[in-house]
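These notes concern the structure reproduced below.
The values are calculated or read from the model by the stated rules, or taken from the named source; none is laboratory data. Keep in mind that this is a model prediction, so the values were computed, not measured. Heads up, the Cβs are rebuilt from the backbone with ideal geometry, glycines too, and the neighbour counts pull from every protein chain shown.
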Amino acid sequence: MTSVAEMKAIAGPSEIMEVSMGPHHPSTHGVFRMDVRLEGERVVRLKPVFGYLHRNHEKIAEHGAYLAAIPYTDRLDYLCSMTNNWGYVLAVEKLAGLQVPERAEYIRVIVAELTRFQNHAGLIGFLLQDMGASGTPLMYAFREREKILDLFESLSGARMMCNYMRFGGVRVDCSAEWLDEVRRLVATLPRFLGEFEALLRSNEILMARTQGVGVLPRELAINAGVTGPMLRASGVNYDIRKVDKYGIYDRFDFRVPLGEHGDVYDRYMMRLLEMAETVKILEQALRNIPAGPVMDPKAKLRGLRPKVGEAYGRIESPKGELGFFLISDGSTIPYRYRVRPPSMINLTVLEDMCLGQNIADVVITLGSVDIVLGEVDR
Amino acid sequence: MSDLLNAEEVKAQIEAGVPGSHVTVIPNGSPSGQHSLLLDNEHAFAVASFLRDHPALRLDYCSLVTGVDWLDTETTEKIRVKKVVDGVETEAEETRKTKVPGYLEAVYHLFSIEKKHGPVILRMRTANRTGQTQLPSLTPVWRSCEFQEREAFDLYGIVFVGHPDLRRILMWDGFADFPMRKDYHPPADGVPVAEVHA
Amino acid sequence: MLGEGIIQGLMETARNFFGSYVEKERLVTVQFPEERRSLPEATRQFPFLLYDGDDPERGLRCVSCQICEKECPPRCIHIEKSKDRKPDFVGKQQFYPAVFNIDVSVCMSCQICVEVCPFDAIRMDTEFELSTSDRFGGLLWTKRELARSNEYYRQIHPTEAGECDERRAKELADAQAKAAAAAAAAAAKAAQAAAAPAAASNGAPGSGAKSEPAKKVVTQ
């Protein structure tokens with residue numbers, strides 16, 4: 001029998017093949033393309049290509065009033081419209097110096113953590129689907145997501161494009177019944193989480209498939225501006241909820257899970273562990289939510305004219321650091337409106353993670369990054 | 001913001017640490033109070049490396065890179081000039097118009113993951129909006145600038161010298177214009193988009 | 001043991017499969033369109049225009065102030081102001097929209113038009129089965145297609161409509177009280193004027209103009 005090395009010697013150096021994965025490829029989670037150069041099955045070069053969904057979100061926002069940009073932020077990362085709203089209103093609140101009433105802060109935390117939960121559940125479902133666990137985990141994740149989206153609908157009127165937050169508060173107050181619904185749901189989440197974890201966590205095939213694949217070293221992760229669960233999977237303790245303590249996150253007792261190896265398995269586990277922390281935050285927020293107004297009386301819906309200046313507001317969205325940078329020229333329209341899209345910046349290291357791996361591993365490495373093309377392309 | 005990250009303080013540290021560099025503090029009038037530092041383009045790269053490696057600052061994480069377009073502006077001021085007409089000195093009022101050339105600006109928001117502080121905001125400005133739009137690239141210092149500088153190049157036309165792979169990122173390769181500039185107008189319906197063909 | 005994790009996972013699958021027969025929590029799907037779930041009250045799809053009474057043309061609440069047109073993020077509303085005026089629910093003379101079009105192929109259901117409307121004239125519908133075979137005309141809704149009665153509003157958003165009706169009733173009562181006060185003041189002035197014949201010619205026309213709106217309210 002000839003060994004692989006001998007076979008290589010007989011066949012000579014293998015040819016380099018260029019493959020264009022995408023833009024219409026089921027594993028790319030949208031219209032995303034990777035120009036991959038392969039030597040056999042090994043990746044020797046990978047360049048992400050995007051912009052197929054580009055609609056110049058920033059230019060649109062620079063043409064409308066401050067208020068008019070909120071529904072457009074829903075459409076950035078269309079799975080997490082609540083956190084997108086929050087990032088933007090936080091930047092405007094910094095720019096205009098608005099205060100947020102306590103009840104509104106609590107509602108924001110509740111909806112943002114529900115968003116984080118459904119985003120992570122969905123991502124795990126998709127990631128496992130990419131690995132070949134067709135359907136089952138994704139369906140379980142979507143079943144829970146559906147219940148959360150129903151809650152969003154009864155609160156804000158829309159399941160995905162919530163358009164719920166406003167500068168200085170939230171658009172409508174939540175009812176006591178709604179809070180009871182959330183409590184009932186949150187009470188069932190730990191059981192779902194336990195089952196979801198037991199489903200595949202110690203599955204031998206999954207471990208063999210993901211451990212040691214797509215490793216992202218700690219130093220590179222920091223230097224490349226990777227944020228969110230991906231950064232923490234590489235062992236860097238950086239969660240903006242803890243660092244900036246925006247909103248009222250300093251009041252909650254939760255831990256930041258950290259990975260060790262920075263591989264796909266760690267990134268998968270990171271989401272599972274964060275979901276458990278999210279449930280903890282939700283329980284505390286639902287226990288302590290006070291009564292009161294939900295809008296800053298100083299806040300104006302129309303004709304907001306912040307002073308000349310600029311502000312950068314950032315939050316920990318489920319995908320990483322979502323920031324909004326605004327420059328005001330004193331008019332009702334932002335002079336400069338810029339989004340820091342975590343999905344796009346996390347893609348910077350895609351090539352580094354995939355080099356030397358098999359082409360099949362590219363799919364799960366990309367899946368573990370957690371991108372939404374609405375945010376990458378804007 | 002801690003005292004360490006006070007704009008004046010950082011400016012003093014930079015000017016001491018990078019000889020020859022010139023830093024201007026740009027105040028910010030909004031309640032956010034995030035003041036920024038304008039760097040001179042020759043020393044920007046050295047300043048960036050200095051800020052990243054400084055043991056107390058350790059700004060190891062560049063969060064956001066933004067392009068901003070500032071149009072040419074015209075300021076008018078009224079001045080009194082003395083004129084000698086027919087041997088008689090008279091004072092007349094004249095309006096003098098000064099054209100202030102616009103520029104493109106790149107804004108960098110730096111944070112420290114190690115020290116958990118920030119932001120320190122850096123700015124760089126091009127000489128004008130048309131011919132000289134070069135700025136030094138900070139991608140070799142922070143990899144996170146790679147895509148965002150490409151985006152600023154794509155949408156604003158800022159040419160980052162030293163960027164490893166400066167191509168269009170969101171628009172397609174043949175696209176000729178810079179759509180985020182303030183004077184850009186999209187073509188009307190039915191009119192083909194301007195393209196360049198290599 | 002190798003394979004333990006796989007068996008563990010299969011047990012979860014089995015639990016969910018058999019559980020779906022007994023637990024409603026595990027089986028959340030319904031057989032649409034035979035089976036329908038009731039929509040939450042806050043649901044929003046596309047805007048409609050409210051009218052009072054039973055004439056969609058005369059009772060339209062919109063006064064053509066064009067705030068929604070300006071604030072609409074995707075600019076899908078087109079309004080043309082009328083030349084003449086008609087009285088609104090408190091009897092004040094107001095413009096009305098000669099043309100009010102919403103291009104629902106552009107509308108993104110954000111509800112900002114509803115939030116900025118100071119006249120409670122535009123609200124969000126809950127109807128979502130709106131497919132049409134006409135791509136342009138069928139998706140450009142005119143004033144007539146947009147008009148819905150207040151009864152319909154009460155039916156789809158009972159809480160919100162209740163608050164809205166209450167507010168409007170209060171506004172109407174305030175206006176009536178104000179008009180009555182004005183009329184009383186005018187009457188008193190007229191009486192005074194009658195007492196002092198010299199001032200009668202100045203007082204009479206003014207009092208007549210003031211009492212006019214009050215009369216209108218009564219007739220409505």
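The set of residues in segment A:128-147 that are over 25 Å from C:Thr43 (Cβ atoms), out of contact with any Gly (no Cβ under 8 Å at 6 or more places or on another chain) and either among the polar types (S, T, N, Q) or at the interface with chain C (Cβ under 10 Å from one of its Cβ atoms) (or both) comprises A:Ala133, A:Ser134, A:Thr136.
The listed residues are B:Leu59, B:Leu37, and the only one of them that is surrounded by 14 or more Cβ atoms within 10 Å (Cβ to Cβ), out of contact with any His (no Cβ under 9 Å at 6 or more places or on another chain) and not small (Gly, Ala, Ser) turns out to be B:Leu37. Answer with yes or no whether A:Gly330 is outside any strand (DSSP E or B) and under 28 Å from B:Ser32 (Cα atoms). Yes.
Of all residue pairs spaced 6 or more apart or on separate chains, those with beta-carbon atoms under 7 Å, a first member in segment A:336-348 that is more than 7 Å from every other protein chain (Cβ to nearest Cβ) and under 22 Å from A:Glu62 (Cα atoms) and a second member that is of a type in the set (Phe, Trp, Tyr) and in a strand (DSSP E or B) are A:Val339/A:Phe324.
If the condition is being in contact with a strand residue (DSSP E or B) (Cβ under 7 Å, 6 or more places away or on another chain), within 14 Å of chain A (Cβ to nearest Cβ) and not polar (S, T, N, Q), then segment B:1-24 contributes B:Leu5, B:Ala7.
Inspect all residues belonging to segment B:74-81 and state whether any of them is more than 14 Å from chain A (Cβ to nearest Cβ), surrounded by 10 or more Cβ atoms within 10 Å (Cβ to Cβ), among the charged types (D, E, K, R) and touching a residue at least 24 places away in the same chain (Cβ under 8 Å). No, every residue in segment B:74-81 fails to be more than 14 Å from chain A (Cβ to nearest Cβ), surrounded by 10 or more Cβ atoms within 10 Å (Cβ to Cβ), among the charged types (D, E, K, R) and touching a residue at least 24 places away in the same chain (Cβ under 8 Å). Step by step: first the residues of segment B:134-178, then only those that are outside any helix (DSSP H, G or I) and in contact with a His (Cβ under 8 Å, 6 or more places away or on another chain), then the one that is nearest to the other protein chains (Cβ to nearest Cβ). Which residue is that? Only one residue fits best here, namely B:Leu170. Can you confirm whether A:Asn203 is in contact with a Ser or Thr (Cβ under 8 Å, 6 or more places away or on another chain) and either at pLDDT below 85 or of a type outside the set (A, V, I, L, M, F, W, C) (or both)? No: the conditions fail for A:Asn203.
Screening the candidates B:Glu149, B:Glu114 for the property of being under 30 Å from B:Ala56 (Cβ atoms) and out of contact with any Lys or Arg (no Cβ under 7 Å at 6 or more places or on another chain) yields one hit, B:Glu149.
Pairs meeting the criteria (first residue in segment A:148-176 and more than 9 Å from chain C (Cβ to nearest Cβ), second residue surrounded by fewer than 24 Cβ atoms within 10 Å (Cβ to Cβ) and in a strand (DSSP E or B), beta carbons under 6 Å, at least 6 apart or on different chains) are A:Gly168/A:Met295; A:Gly169/A:Met295. Of the numbered criteria (1) closer than 30 Å to A:Ser154 by Cβ; (2) at pLDDT below 85, the one C:Ala191 fails is (1). Scanning segment A:349-378 for residues that are facing another protein chain (nearest Cβ under 10 Å) and out of contact with any His (no Cβ under 6 Å at 6 or more places or on another chain) turns up A:Val349, A:Asp352, A:Val376.
When you scan segment C:127-147, do you find a residue that is at pLDDT 85 or above, in a loop (DSSP other than H, G, I, E, B), within 14 Å of another protein chain (Cβ to nearest Cβ) and touching a strand residue (DSSP E or B) at 6+ places or on another chain (Cβ under 7 Å), even just one? No. Condition check: facing another protein chain (nearest Cβ under 9 Å) and either on the phi > 0 side of the Ramachandran plot or within 20 Å of the chain's Cα centre (by Cα) (or both). Does A:Gly225 satisfy that? The answer is yes for A:Gly225.
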